[in-house]
Every structure is written in C-alpha cells, then in structure tokens.
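Each remark here refers to the structure printed beneath this line.
The values are calculated or read from the model by the stated rules, or taken from the named source; none is laboratory data. For clarity, every value in this text was computed on a predicted model and none was experimentally measured. FYI the Cβ positions are ideal-geometry reconstructions off the backbone, even for glycines, and counts take in every protein chain you see. For the accessible areas, the whole protein counts, side chains as well, though only heavy atoms, and no ligand, DNA or RNA atoms are used. Shrake-Rupley method; radii C 1.70, N 1.55, O 1.52, S 1.80 Å.
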Amino acid sequence: MLARGKRSAGYYRRRMGQGRVGMGMLAVVVALVMAPAAHAAAREAGSVLPPGQSGFVSPTGILDGTGSPHLKDQLGLFLGFDFKPAGFGQPGSEERPRPGVRIVRDSYGVPAITGDSAGDLWWGAGYAVAQDRLFQLEAFRRATSGRLAELLGRSVLEDDIVARRDYYTEGELAEQFARLPQDMQARYEAYRQGVNAWIAETRADPGKLPGEFIATGVLPDDWGVLELVRIGVFLARTVPSGDGEELRNVRALRALGSDWFDRLLPLRVPGQVPTIPRAEGRFPSNPGRTRAQEERAFEKSAALARSLPLPGEGGAAPASASADTAPAGIGRTGGSNMWAIRGRDGTATLFNGPQLGFSIPELFIELELHGPGLDVRGATAPGAPVIATGHNGHVAWGVTSGLTDEDDLYVEDLVGEEAYRFRGEARQMDCRNETFTYRPPPSELLGLIGGSVPDLSAGTHTERICRTVHGPVQARGDGVAYARRYAVWGREAETLEGLAAVNEARSIEDVDRAMDLVSWNENLMAADDRGNIGYWHPGLLPMRPRNWDERLPVPGTGGAEWRGFIPPGERPQAINPEQGYLVQWNNVPSVGWTTGDGVALERVTGRYHRTGLLRRVVKAAHAEGGGYAATARVDRVVGATAQNRPLASAPLKAARRGSQGAARTVLDTILAWDGDYATTDDAGTVHAGVATFDAFKQAAIGIALEGVDREDAELLEGGRSSSHEYDVTLLEAFALRTLDAAGYRRAAEAALPLLEQRFGSSDPASWREPRRMYEPGSQGAASLDPFPFFDRGTFQHVVELGP
C-alpha cells in the first residue's frame, strides 16, 4: 500500500494506526476505490484571502482604483483573525456562461464552478479567473515571457532578462507540455478557451475590460496554451526556493576568513527545529557523506573560492540580473506556515498560511471546482489549472516553500568568449541574442514596479544569452563564466500532474503516491478524514559530490557533477508521528538536513527559528484535543508574537539574576514583555519591550562579533523578509545562541545608550514605538492603504476532517 524505498510494512502499520494487514484491510481499500465521488464535505472549513477575491478595476475607476466590491472585502476578516465559510456549496448568485457550465459566486465573490464534463469544468475555471484577474493574468504573461518592460518600463528590464535567460524557449516549453498526460493537456486547452471567452466578452462590452488596459493602451490578446504553461513553470521554479548565494558567500569568506564564515553560516546548527521528529528518521540531504568529508570539502571549496575571479573584479563585467527577482509579484518566496493535529476523536485538522507578500490583488485566487471525479476548494495562482492548497471531501493539504538548496553555481573555465572546458574537451556554449523593448510606465501602474524609481526612457536592449552543459550563464569573471544548474531544469511542468493527483486524493496514501510525481520542492502537509496526518519534503533533490561544499561555487570542468537525485522513499517524510502533530514554517525538514547556500538564512538560526514557538503552541493545541477551534487559535498566538522573544526567555532570566544598573533596567523591560506586538495603548504605541529587545539584539551582535569587521559579517545578513518583520536575523540569532549570561548582561548595558539616543530618555515607560504597519504592493491600478502587520499567510485556510 504505502511501502516503498527503505520503509518496512511495520513502519506503515504503526503510522496508519493499523494492525495486521489482511482481508479486512483489502476490503477498506476496495471500498475506497469503489466509493462514489459525491459532494462530500469536510466537517468544518474556513478561509480568508485578504484583501479580496477580485482584482477588477473598472475603466471609469482607473484614477481612484474603484471596481469590484470584492477588491478589499476580506481584509477586515483577516485583521480580526476571522474566517469566511469555506465548505462546499456556499449560497450566492448564479450564472451559466455556456451550456454545461454553472458558476455560483458566494457573498465574497468566490466562484464555485460546476462542469458537466472535465472540459466544461476547466473552461469555467478559466472564464471565472479571467473575470476576476484579467489584468493580473496579462502581467503574469509578460513577466514570465520577458516582456514586462513593455508595460512598466526600463526599471523592470533586469526581470525580463532573467525570465528569458534562466527559463525556456518556446520549443523547449512545448516539449515539456508534450510530456504531460493527455488529460492534463486537455485541461490546459479548456482553461485557455475559458479565458479567451471572457476576453471576447470584454471586446463586445468595453465596460468589462479592466481599466489598466485602458491606461496602458494595450488590449488583451487571446491566450495560447504555452503562455499558461509558462506561468506554471515559473511558479514551480521560484516559489519553492530562490537561486543560490554562492558569489555572496565567496565575498564573505574572503572578508571574514574560513573560521568565521563557517561559524556564521554553518551547514547545521545545534538546536535546529526540524518538522520531522528525530525518532521518525534522519533523512540526510547528502546521503553517505560523513562529517570528516564535510570538513575536507569545505577546505577544498574555500581554497577554490579564494582563487576565483569574481564579476566586477579586474575589469570584468559586474554580476548580471539575479533570478531572485519577483516580476509583477509572481514567484516571491516570503515564508509560509502550516500545522496538522490528530484529534482525540479520530479527527485530523490542518492549517496553512502561504506567505507570499501582501498586494492587491494577491498572487493567489480562490476557487471551488466540481466535475467528474473532482470536488475541491482552495487557492491557486491565476493561470494554473490546479488547486495548490485546499481541501476536498476527504483530504486537506497545504504548502510552504521547501527552500532546499536545489541548484549549484558552476565555474566554467573559458576558452575564448563562448567556449569552455568540460571533461578535457573544449565545448561551445549554446548562445542566442534576445531583444527587449521598454517604454515609460503609466502612472497608474507604478505600484507594480515595487517602489523603485521609474525610468521614463524608451528603447530596446539586446542581450547575449548563453548556456553551458550545466545551465544558463548568470555572470562572468576574468576567464570564467558562472553557470547555474537547476535540479528541476526542464521538468517543472511535472508538478502540475502531482498536484492534480493531490486534488483528487481520498486518503493520506493517495497523497503519498502523488508526492512521487511532483518535481518542485514545496513542503506539503496533509490530513485525511480517517484521522491521519502526513508531511513530505518532495521534489528533485540532488545528491552532490561529497568532496565539495554546497555553500560555495564548484568547478565546471567535470569533477563536481551530481550523483543523481535522492530516491522518493529516502526524501524527508513522515506519516502519523508518535507526537500526534506536525509543524512547518520554512524550517529544515529533518535532523539530517543541511542548509547550503540557499536564501533562507533563518534556517541556521537554531533554536531561535520561528518554528520553535509554533511547535510549542501546536503541542498545547494537540494536548487540548485538537479540532478546528484549537487549531485556528494557534494563528492568533504565533501570528502576533515576536517569536524569538519567548524562545530567549531562559537565557534572559539567567542573565538578569546577576545584573544591576543599566543592564537590570533593560533586561527587566524585555522580560516584562511576552513578545506581543499587536496590543497598543491609546496613542497607538506598543510595549516598550519591542524597541528594547531590538536594541539589545543589536548590541549583542557587536559583542558576539568582537574582533570581526561588522560590515564583513553583514555580507551574510540578508535582512528580514517583509513577511517576518519581527523575525530574528542570522546575526541576531548567532549572538543570542553564542553569548553566555555575562555576554547578555554586557549587551543589555550597551543597549541603554541606544535607547536613550532614540527616545531621549532613560525611562523605559518612554520606549514605546508606533504599531508597525504592512506596506502592501499592487498588481494593478487598485491601491491598499498600509495596515497593521501580522506574521501570517496571505491566504489562510483551516479544515477539520473526520468520521
């Protein structure tokens, strides 16, 4: 049933809470297979998508951003920690855009689409998505094809270069599409036709056309299938993880030296919080590699790093556009959380909050779908004919960015300008010229540029784009080229097949099989109506050579090639862990996993990672018995608490015991604060502990880094994600976990002058700052005022399932 890889039958019997597998089990399996696909529903389900379902701004409302009543109608729910009903069959207004297709929109504008056939269903999905997000679709089309500068100007030209350099030609995309199953190809075709049907209606009635098209002077063209596939491919590459940071790491290593580099950015940190409990397995990220091999590999890689000619040195061109960009808000990794709890009464409950950066409209859109063999509700990206996170009548699931280091930067030894040495031979690069057009952006769309100063020039730019055997050339140095190898290269579209199988899953076993199909590295967690929960860290995860360090570039001459991919049965996964719950907030999946050079620097913050608090609160909810209400309440705590503050209570209390004077004042102020940053006084200011703890951590960094140039250390810092305003940074966590009680007291004493300078007083009662606000972006002409910050998902759903 579930046994595969190195797993024993006993392992799965224990996980599924079953005894001997015999005729009784066979009967259950047969019953599941033969059961009709009725419109079953979860016991309770709620969701919220702030600010709202729609992105439609009317042609007459382009100047003031007015349009659909569902532009902002869910923001109040979100700020109040409330949910709208998300069970099947919510009442609402009905339309029938063609025979075989019925669309019912609930009071929040979420469409429930019913199709007599699979083709009808996906035609209706495309039609409804276009009604709500036609301009967003246009922005996605241009962003993923490298044509966004035609709308937004030269300021986004670098994004366009990345889209063409690091992705696929039309022919390569067609090859991926051709490998999809016929039913998935038909699904895309029906979705395309539905989008185009709505575009035809806007041509007949210009009042239905989003105002952004009027502002830009561009009308929507009919969509081709490959344009939709390109969106899915882009998302499958960028949402799970970003490009590596090898060149940044080289500069940091040179500035800091090997010892300090390894201390600040280790492969693993004591106290790391894994999703999979240690008792459920180790799951190493580089199977078979020993610690001694790790140490030798670092010495070897560090020696190479010190010798490399970097971009911008010695007259070489500076590094070109990074793939860690987010054109038009598509593909941003911001962090996401999810948790699952087994209840006492045979139920299981799941919560998921993808954190993709708040904007109007959001990256996600919410849909309910009913057709032959499919009844599902949840969220996905416009243009993707699948539900990424949601529930059906038997299973609920959620996703978070996996953030595993699944790509490497290879140093190609050049022979001339467009040839390189590989395995003793000179090889020609695969090169082509790409021409980009840019023009001044309309003022109504400046929000799409992300706050950068717009360039009002117009013109064209031609870029020479090259690839080696390892992948696209992203930068050059004196005599070398840096090429990126992606594990998922050429296989991103496969993920759609796996997610489609999750949408139809009727049990945890079905989800387990579906995870073998996906190629991306999104963590997935699921719960089913038999009380089971599970977690998977899936995708194409490379097995690297054991003699090179994954934090730094590797030579491209042929001696540092991957050894294949980790087999599905050996990837991090757990079903029904003994503890009865699972938590994930972009932390490491398992105790044997390393971080590498990925963008998620918070994964090496050890016990101060935000998941530490999430685990505490979920554990308490599990002890309470689980269920919908207990599971949802977790969000109220972790979403409004500076997570590292309660995690630091023990060392703070130890430091206070021997403190006096300024140190005692600062430590008392911090300890009097529980981490809540949402509660304000009549003046709109928060507890003095907010500013005091920030000052303490900054002072602690200076003490922990004594003897090190702080600017050199900050090469590794990375800063905070906008989704995690109160999160601990790499250097803050290093200080918190390495200083002893005396060091904490020194940091507290040094924090007082910082607070006096900022607030003009030594009285802690005056150290109150205003409530911090979230500055939302825009993916169109609508605007959204700043609103109070919460560390929560931009779409959230909670689902309880059971008998």
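Just a few scattered comments:
- Coarse-grained scattering of region 71-146 at q = 0.11, 0.24 Å⁻¹, given as base-10 log I(q)/I(0) from a Debye sum over alpha-carbon atoms: -0.38, -1.08
- Of interest is the spacing of the C-alpha centroids, which for region 116-142 and region 49-98 amounts to 16 Å.
- Against the compact-protein benchmark of 2.2 N^0.38 Å, the Cα-based radius of gyration of the chain scales to 0.94.
- Spacing of the modelled spin labels on Glu578 and Arg664, each 7 Å from Cα toward Cβ, amounts to 4.6 nm.
- Close lysine pairs were tallied over the chain: pairs 8 or more places apart or on different chains with Cα atoms under 25 Å apart number 4.
- Counting all C-alpha pairs of region 711-803, share separated by more than 18 Å (%): 70 percent
- Mean Cβ neighbour count within 10 Å, used as a protection proxy, ranking 289-297, 142-150, 357-365, 474-482 highest first: 357-365, 142-150, 474-482, 289-297
- Per-residue surface analysis assigns Leu752 an accessible area of about 30 Å², computed on protein heavy atoms at 1.4 Å probe radius.
- Size of region 643-775: Rg and Dmax of its alpha carbons, in Å, are 14.4, 45.
- Normalised by the number of residues in region 465-540, the mean separation of alpha-carbon contacts (under 8 Å, six or more apart) gives a relative contact order of 22 percent.
- Here the 3J(HN,Hα) profile of region 743-752, calculated from phi with Karplus coefficients 6.51, -1.76 and 1.60 at θ = phi - 60°, is x, 4, 5, 4, 5, 5, 5, 6, 6, 4 Hz, Gly and Pro shown as x.
- Rounded to the nearest 10 square angstrom, Lys208 shows an accessible area of 70 square angstrom against a 1.4 Å probe.
- Projected-area average for region 507-584 over all orientations - Cα convex hull basis, square nanometres: 6.6 nm²
- For the listed peptides 585-594, 258-267, a ranking on the average number of other beta carbons within 10 Å per residue, highest first, reads 585-594, 258-267.
- Rg to Rh quotient for region 539-598, alpha carbon positions, Kirkwood Rh: 1.05
- Among beta bridges that DSSP assigns inside the chain, antiparallel share in %, nearest 5: 95 percent
- Dimensions (Å) - region 394-540, Cα atoms, principal axes, largest first: 62, 54, 20
- C-alpha center-to-center spacing [region 244-319, region 702-777] in angstrom: 25 Å
- Highest average first, the peptides 195-207, 660-672 ordered by how many other beta carbon atoms sit within 10 Å of their residues are 660-672, 195-207.
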